[in-house]
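Right, one structure below, let's go through it.
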Amino acid sequence: MFDMGRRKFITLLGGAAAWPLAARGQQPAMPVVGFLRNTPSTSFDHIVAAFRQGLSEAGFVDGRNVAIQQRWAEGRDDRLPALLADLISLKAAVIVANTAGAFAAKAAATTVPVVFATGSDPVRDGLVTSLNRPSANFTGVTFIASELGTKRLELLRQLVPKATTVAMLVMPSGKETEVERADVAKATQALGLQLVVADATSRPEIETAFATFAERRLGRLEVEMIVVQAA
């Protein structure tokens, strides 16, 4: 986690809320907080709720002293540039984004402050120059979930030492998914295992994936969507 991320975010909003009266004529009546994601808007209510709660705990309430503008690409990354441009046109004081949204902002070379959450390594991915000093207008948090794929595989290998096939069910969500997929593929190859990957972005696709796994007799399920087949 970036230690300065939360404080920078609060400072940005606090400063926006305290703009001098002379300057407010050129700014929105209320500071705009942009919320940008490439994912579908459905099934992510818990993220929005947590986001609103975090803002509230910091003293920022939607409709009272900030205006939250949500933009969802609904699984289409090609829509992100237009959604980002829309938030910029609203003079957003800060944009909160997931990994794909942050990359869109990076590509657009916007100067609007961006706070991101990513499951990958933001330094390796080129979002920031370092964890201690993110630099420029980007900061955020990282839980480096992509690094856990190989660890889960190691644990499953211990649980099912005779496994011959590993199936991985993932929701394509950007660079962190690609990194985890590549890491797991490399690890399974090193272990002499076969890897079966299925992408799913909806319940029907998940059901189809599990039907495929069942046909291939992949009978073990790990909570992080990795399935193994024993010999």
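No lab work stands behind these numbers, since they all come straight from the coordinates. The shown structure was predicted, so the numbers you read here are calculated from the model rather than taken from an experiment. Using ideal geometry, Cβ is built from the backbone for each residue, glycine included, and neighbour counts are taken over all protein chains shown.
Of the options Phe103, Gln70, Leu90, report the single residue whose Cα projects farthest towards the positive end of the charge dipole of segment 54-110 (beta-carbon charges: Lys, Arg +1; Asp, Glu -1).
Leu90
Calculate the spin-label point distance for Gln158 paired with Met30, positioning each point 7 Å from the Cα along the beta-carbon direction, and give it in nanometres.
Distance between the two pseudo-spin positions: 5.1 nm.
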